[in-house]
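Undergrad: One structure, as structure tokens, below. Some questions next.
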Amino acid sequence: MFTGIVQGQGILLDLKIKNDFQTHVIAMPAAMLPGLTLGASVAHNGCCLTVTAMDGERVSFDLMQETLKITNLGDLKAGDLVNLERAARFGDDIGGHAMSGHIMAMSELLERVETETNTTLRFSVPEGLGKYLFSKGYIGIDGISLTLGDVTPAYFSVHLIPETLARTNLGTVQPGYRANIEVDPQTQAIVETVERVMASR
């Protein structure tokens, strides 16, 4: 489980590309290395990946065909930054909201609106996920726990504080960027339960 609070950004140092398979070698921030072991879970732009090799700050992760297909990790190139979060432990503060690290879709950034004091991003609503999006509800965007602003059939918006802009990739992304999306699992469970109950009547 993850909380959607990005702990640091890693640099993609190297990609080892095979048929429908990639290994990413990430330079992990020093603060995230203590206690990290083979088999540990680390979210990359919100997608849960497993540590497969370690060499100092160089940490490797394998990406299967499904991961490359439904997330933006397959679009990365050497030198790109990745939002990182280690798996939550019992007793940790839940500063964001509970997230599984299972990406459901990608969403295109449609518009970036910046003023002197505020930044608003508007994203397209991924097909089939609109029913889980509610104003003031939660959403995971590239592994960041955010509160939804306006929600329409065509787009949803999020409003970003300077800390989020400074600590994550959302500080620099521009229209056309494809972000990983995970809807709030509690909202998903409630919506789908109501749908099943209504369908059985």
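The values are calculated or read from the model by the stated rules, or taken from the named source; none is laboratory data. No experiment lies behind these values; they were computed from the predicted model shown. Heads up, the Cβs are rebuilt from the backbone with ideal geometry, glycines too, and the neighbour counts pull from every protein chain shown. Each accessible area value is taken on the protein alone, full model and side chains, heavy atoms only, with ligands, DNA and RNA left out. Shrake-Rupley method; radii C 1.70, N 1.55, O 1.52, S 1.80 Å.
Undergrad: Look at segment 146-160 and say how many of its residues are under 17 Å from the mean Cα position of the chain (by Cα) and either farther than 13 Å from L110 by Cα or part of a loop (DSSP other than H, G, I, E, B) (or both).
TA: So the count comes out to 5.
Undergrad: Might you let me know whether segment 80-99 holds any residue that is in a helix (DSSP H, G or I) and either at pLDDT 95 or above or open to solvent by 60 Å² or more (accessible area, probe 1.4 Å) (or both)?
TA: No, because not a single residue in segment 80-99 is in a helix (DSSP H, G or I) and either at pLDDT 95 or above or open to solvent by 60 Å² or more (accessible area, probe 1.4 Å) (or both).
Undergrad: For segment 23-39, enumerate the residues that are surrounded by 15 or more Cβ atoms within 10 Å (Cβ to Cβ), of a type outside the set (V, I, T) and closer than 23 Å to M99 by Cβ.
TA: Correct list: H24, M28, M32.
Undergrad: Please determine, by comparing only the residues of segment 2-21 that are closer than 24 Å to M99 by Cα and of a type in the set (S, T, N, Q), which one is most open to solvent (accessible area, probe 1.4 Å).
TA: Only one residue tops the list, namely Q7.
Undergrad: Considering only segment 46-56, how many residues are closer than 14 Å to S100 by Cβ and either outside any strand (DSSP E or B) or acidic (D, E) (or both)?
TA: Result for segment 46-56: 1.
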